[in-house]
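Structure first, then comments.
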Amino acid sequence: MSDRTDILIVGAGLAGLFLALRLAPRKCTVICPAPVGQASSSTWAQGGLAAALAPDDSPEEHARDTVLAGDGLVDPVTAQLIAEAGPLRVRDLIELGVPFDRTAEGALALSLEAAHSKARVARVAGDLAGRAIMEALSEAAAAAEHIEIIDGLKAIGLLSGSKKNVAGVLVRDSAGEVSPIYARETVFCTGGSGGLFRITTNPRESRGDAVAMAYEAGALVADLEFVQFHPTAIDIDRDPAPLATEALRGEGAKLINKDGTLFMPRHDPMGELAPRDRVARAVHIEALSDGKAFLDTRDAIGDEIEEHFPTVYSTCMSAGIDPRIDPIPVAPAAHYHMGGIVTDLWGRTSLKGLSACGECTSTGAHGANRLASNSLLEAVVYAARIADRLKGSDLPELDDTAKGISPPDLDDATLQTLRARMAAECGVVRDGKGLAALLDWIIEQAEEFPAGLVPRALVVSELIVRSALRREESRGGHFRSDFPDTSDTPKRTFLYKGQAGPVFIDPPTSNA
């Protein structure tokens, strides 16, 4: 393994591999902590990829749905950009061998998901889209001569050069050895932060490390209070929690309590296909009550669940639940982080030498509440844009004098306490008292470490909680029971690291 590379991609999920493939013939190196396709949220994505592919659909309608779902905080330019590029990127994936489902006539079979006005989600075998996409990309990347893939390496810090530019990363290998990898351009494609919460559909290792590293290096970050909780994680006491895809509700599955009573009509006039934040709150309320919450697929899907949704079927059966006969117990789970490292329309961050793509970013595409299946879409659209920019760029000279710091990981006992408290006090429903108590506890834990060496999990959690405490309204995935109303003036949250801690920036009162 060389400790020098031209372009270094941190992360081997959908964003990282699609970017690497698109860079051809420019050489690049991809690093990841686990073998490609493992410990990746992309692999576990069930719903698919949203794009305006049907004759009666259009990018304008897709962008409009994206803006509406984002509850006032989506950048309409970004929404239009990803919607217009969506069909092209789906075709790219088809050329790479992704076997999207087809109708009897040979057209792509498109699913309806929550808050979409049209069926526009391309899927594979019902709920195997993420796995199928990652298998196709992994095979193509392994065969590509311009890509070097190195697994067993975890990025633990950015290398900063004399001109304050990013010049690569510090990595830790499986034996615990720390070493630098110098790069002319570094691209974070590291996923989200669901592992900070006790119940999550993300890999447990997804704890927002990239956001912490970028923030500590001085990057602008945004909207960290907006965490999307998927309303229908399968509640069978597994960590991470397996997912019951939203496509089930698109096919007519209903949410019921233990008495078999439909409860969504009491919570939202849109019922099961309301935006995710509203469905998640309804499920949360029911799950805390004696009624519990279940997803009933028996009438709408019946025996066809085994063939059409094999992942959900096999997961349920492994837990002793036959979804053809019994309803599926569900609970909300931390699923997607709308906030992250701020980038422009070409994936540049505010730090020279650092780009970012996928869930670790805040591009303005998701606002306060991500539209279902827009995550895979955003990842491939921005990966393509970053690749197109870097392929023709004159990158800076390699700076092998750059230095970095490597904070320790949080011990497991404290991490599990953090996850439990983040779920309880910064979860689906929040209030000022709980958030303030959680913030005090996080600060107390952080004070046990020297300045600059605070574990990444505490850094990111503190930023999420501070942002949630500062937003005294309810909007999208952020619901404050003490401030249940939505402000008339939507504002995003921007912050960076100052000498005394986080510095918040008040943006203009628009989709800034």
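Going by the structure shown, is Glu84 more than 28 Å from Glu307 (Cβ to Cβ), part of a helix (DSSP H, G or I) and not assigned by TED's automatic domain parsing to the domain that holds Thr245? Here the answer is yes, as Glu84 does meet what is asked. Quick one: would you say Ser355 is touching a helix residue (DSSP H, G or I) at 6+ places or on another chain (Cβ under 7 Å), closer than 30 Å to Gly161 by Cα and outside the structural domain of Ala247 (by TED's automatic domain parsing)? Here the answer is yes, as Ser355 does meet what is asked.
Of the residues making up region 280-301, just one is of a type in the set (S, T, N, Q) and crowded, with 20+ Cβ neighbours inside 10 Å, namely Thr297. State whether one or more residues within region 122-135 are of a type in the set (A, V, I, L, M), at pLDDT 90 or above and in a loop (DSSP other than H, G, I, E, B). No, every residue in region 122-135 fails to be of a type in the set (A, V, I, L, M), at pLDDT 90 or above and in a loop (DSSP other than H, G, I, E, B). In region 348-366, the residues that are more than 13 Å from Val211 (Cα to Cα) reach residues that are assigned to a helix (DSSP H, G or I) with C-beta atoms within less than 6 angstrom, at least six apart or across chains, in these pairs: Thr363/Thr78; Gly364/Thr78; Ala365/Thr78; Ala365/Ile82; Ala365/Glu378. A single member of Arg370, Arg389 is at pLDDT 95 or above and among the basic types (Lys, Arg), and it is Arg389. Selection over region 294-333 of residues that are part of a loop (DSSP other than H, G, I, E, B) and at pLDDT 95 or above gives a count of 14.
Just for region 160-172: of the residues that are part of a loop (DSSP other than H, G, I, E, B) and touching a strand residue (DSSP E or B) at 6+ places or on another chain (Cβ under 9 Å), which one is modelled with the lowest pLDDT? Among residues in region 160-172 that are part of a loop (DSSP other than H, G, I, E, B) and touching a strand residue (DSSP E or B) at 6+ places or on another chain (Cβ under 9 Å), the one modelled with the lowest pLDDT is Gly161.
Among the candidates Ile156, Ile149, Ile133, the residue that is closer than 29 Å to Arg64 by Cβ and either basic (Lys, Arg) or touching a residue at least 60 places away in the same chain (Cβ under 8 Å) (or both) is uniquely Ile133. Would you mind stating whether Ala183 is under 24 Å from Arg278 (Cα atoms), out of contact with any helix residue (DSSP H, G or I) (no Cβ under 9 Å at 6 or more places or on another chain) and surrounded by 23 or more Cβ atoms within 10 Å (Cβ to Cβ)? Criteria not met by Ala183. If you go through region 339-378 and keep only what is on the phi > 0 side of the Ramachandran plot and over 10 Å from the mean Cα position of the chain (by Cα), you end up with Gly347, Gly353, Gly364, Gly367, Ser373. The residues on offer are Asp259, Asp268, Asp277, Asp237, and the sole one that is surrounded by fewer than 20 Cβ atoms within 10 Å (Cβ to Cβ), under 25 Å from Gly192 (Cα atoms), of a type outside the set (S, T, N, Q) and out of contact with any Pro (no Cβ under 8 Å at 6 or more places or on another chain) is Asp237. Among the residues of region 184-236, those that are among the β-branched types (Val, Ile, Thr) and in a loop (DSSP other than H, G, I, E, B) comprise Thr190, Ile199, Thr201, Ile236. Only residues that are over 22 Å from Leu137 (Cα atoms) and crowded, with 17+ Cβ neighbours inside 10 Å were counted in region 84-104, giving 1. Pairing residues of region 441-455 that are in a helix (DSSP H, G or I) with residues that are basic (Lys, Arg), at Cβ distances under 7 Å and at least 6 apart in sequence or on separate chains, gives Trp441/Arg421.
Within the span defined as region 96-117, every residue fails to be outside any loop (DSSP other than H, G, I, E, B) and either modelled with pLDDT of 95 or more or under 19 Å from Ile386 (Cβ atoms) (or both).
Every condition in (1) within 23 Å of His366 (Cα to Cα); (2) without any contact (Cβ under 8 Å) to a residue 12 or more places away in the chain; (3) of a type in the set (D, E, K, R) is met by Asp237 except one, and the failing one is (1). Would you confirm whether or not region 243-262 contains a residue that is closer than 28 Å to Gln416 by Cβ, without any contact (Cβ under 8 Å) to a residue 40 or more places away in the chain and not in a strand (DSSP E or B)? No, because not a single residue in region 243-262 is closer than 28 Å to Gln416 by Cβ, without any contact (Cβ under 8 Å) to a residue 40 or more places away in the chain and not in a strand (DSSP E or B). Can you say whether Ala468 is at pLDDT below 95 and of a type in the set (A, V, I, L, M), as far as the supplied structure shows? When the stated conditions are applied, Ala468 does not pass them.
Selection of region 141-159 for residues being over 12 Å from Leu17 (Cα atoms), part of a strand (DSSP E or B) and more than 22 Å from the chain's Cα centre (by Cα) yields Ile150, Leu159.
Of all the listed residues (Leu495, Leu469), the sole one being under 22 Å from Asn369 (Cβ atoms), over 21 Å from the mean Cα position of the chain (by Cα) and aliphatic (A, V, I, L, M) is Leu469. Checking the stated criteria, Ala244 turns out not to satisfy the condition of being surrounded by 23 or more Cβ atoms within 10 Å (Cβ to Cβ) and more than 22 Å from the chain's Cα centre (by Cα). The set of residues in region 105-120 that are more than 21 Å from the chain's Cα centre (by Cα), surrounded by 15 or more Cβ atoms within 10 Å (Cβ to Cβ) and in contact (Cβ under 8 Å) with a residue 40 or more places away in the chain comprises Leu108, Leu110, Lys118, Ala119.
Test Leu81 against the stated conditions and say whether it is at pLDDT 95 or above and over 28 Å from Gly194 (Cβ atoms). Judged against the criteria, Leu81 is not a match.
Can you find a residue in region 205-222 that is buried (at least 23 other Cβ atoms within 10 Å of the Cβ), within 30 Å of Lys118 (Cβ to Cβ) and in contact with a strand residue (DSSP E or B) (Cβ under 8 Å, 6 or more places away or on another chain)? Yes.
The values are calculated or read from the model by the stated rules, or taken from the named source; none is laboratory data. It should be emphasised that the depicted structure is a prediction, and the values quoted were computed from it without experimental measurement. All Cβ positions, even for glycine, are placed from backbone atoms using ideal geometry, and neighbour counts span all protein chains on display.
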